[in-house]
Amino acid sequence: DGLTLPGYAQEETYPSDMLIGTNMGAFAYDNWSEYQGLANKLISLRMKVVGATYLDSKNQIARAGTILRGRKEYAKLNIQESDKYYMVLVKNITDESVATDSGRLVDYSVDFEAKPWLYRDYTTTIAGTGTITTDIVGRTVYSGGWTPTQILVTGTDVTISGYTEAGDFAGYISIAGAVTNMLIDTEKGRATILGEQRNDLMNNKGFALYVGPGKTTFVITGASSTSISWNDRWYL
């Protein structure tokens, strides 16, 4: 959240777990495993503070605790990169005081419960009608993985389909009738016009539209104007 933790990073741990369901059939010689979504991760940091005295070092750790416990909801955590962040809750803070000759060097560790993704801090937007692709902004596999979009659209009986260069389906949206500046948040499953929720105008109630890894192509019909926006994210 824009505040800098006292000390210097000594160790970082980023487990990236996916939920895999494994089911054994009776009298079967094989099992069936399926992907069941992304799991929250536990990010662990070990920090070292250097103070003029041992008490100064302990006071720096106390300040770190105040910063970390200042938010009781998800907050942004930047590690090394100022334009990318995790959304985290502080789970545990550990003071690792060890006697040294100087007493000035003290470590502390922090465990964060984090949402599965690393987010980019700025929004990318492409616009057009007919067929448009993420080539417009030079999106590659280095730009992140599957990422939900926000769509601002005007038109009549609009449909939008998405496909990745690898041929994977990236989602479909269908709107009933004429709309002006309808804003569709595909992650929250919410469509609004001038702030009023209008999910009733969506023909497919489970609407979603993503940009996928690398190039994604969107095929748009019935629209006079369309913009598609997203914040790149990585599962790291």
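The values are calculated or read from the model by the stated rules, or taken from the named source; none is laboratory data. Keep in mind it's a predicted model, so treat the numbers as computed, not measured. Glycine gets a Cβ as well: all are built from the backbone with ideal geometry, and neighbour counts include every protein chain shown. Calculation scope for accessible area: heavy atoms of the full protein, side chains included, ligands and nucleic acids excluded. Shrake-Rupley method; radii C 1.70, N 1.55, O 1.52, S 1.80 Å.
Remarks
- Residue with peak Gaussian network fluctuation, the chain [Cα springs, cutoff 10 Å], from 37, 155, 128: 37
- Only protein heavy atoms count here; under a 1.4 Å probe, residue 5 has an accessible surface of about 30 Å².
- To put it simply, the accessible area of the chain at a 1.4 Å probe is 52 percent carbon and sulfur.
- Integer Hz, Karplus 6.51/-1.76/1.60 couplings in order for the range 212-229, x for Gly and Pro: x, x, x, 7, 10, 10, 10, 9, 10, 10, x, 9, 8, 7, 8, 10, 10, 10
- One Cα centroid belongs to the range 169-207, the other to the range 77-93; the line between them spans 32 Å.
- Coupling constants for the range 61-69 follow from the phi torsions by the Karplus curve (6.51 cos²θ - 1.76 cosθ + 1.60, θ = phi - 60°), and in residue order they are 5, 4, 5, 4, x, 5, 4, 5, 8 Hz; glycine and proline get x.
- Once the chain from residue 156 to residue 235 is taken as fully extended at 0.36 nm per residue, the excess over their C-alpha distance is 24.8 nm.
- The residue 36 and residue 141 beta-carbon pair, evaluated with R₀ = 41 Å, returns a calculated FRET efficiency of approximately 0.95.
- Here r is the Cβ-Cβ distance between residue 187 and residue 98 and R0 is 45 Å; the resulting FRET efficiency, rounded to 0.05, is 0.50.
- In straight-distance terms, cross-link reach from residue 72 covers every one of the lysines whose alpha-carbon lies under 30 Å from its own, apart from those fewer than eight places away in the same chain; here that gives 41, 48, 58, 84, 91, 115, 188.
- Comparing mean-square fluctuations of 52, 176, 64 from a GNM of the chain with C-alpha springs under 10 Å, the top value falls on 52.
- Charge dipole (Cα centre; +1 on Lys/Arg Cβ, -1 on Asp/Glu Cβ; no other charges) of the chain amounts to roughly 480 debye.
- One quarter of the convex hull surface built on the alpha carbon atoms of the chain amounts to 18.6 nm², the projected area averaged over directions.
- Spin-label pair residue 204-residue 122: with each label point 7 Å from Cα along the Cα-Cβ axis, the two points sit 3.2 nm from one another.
- Note, ³J(HN,Hα) from phi for the range 113-122, Karplus 6.51, -1.76, 1.60, rounded to Hz, x at Gly and Pro: 7, 10, 4, x, 10, 9, 9, 7, 7, 10
- Dipole of the range 67-189 [Lys/Arg +1, Asp/Glu -1 at C-beta], most positive-end residue of 128, 108, 154: 154
- Heavy-atom accessible area per residue - the range 45-127, 1.4 Å, Å²: 56 Å²
- Computed lengthening from residue 219 to residue 14, 0.36 nm per intervening residue step minus Cα-Cα distance: 70.1 nm
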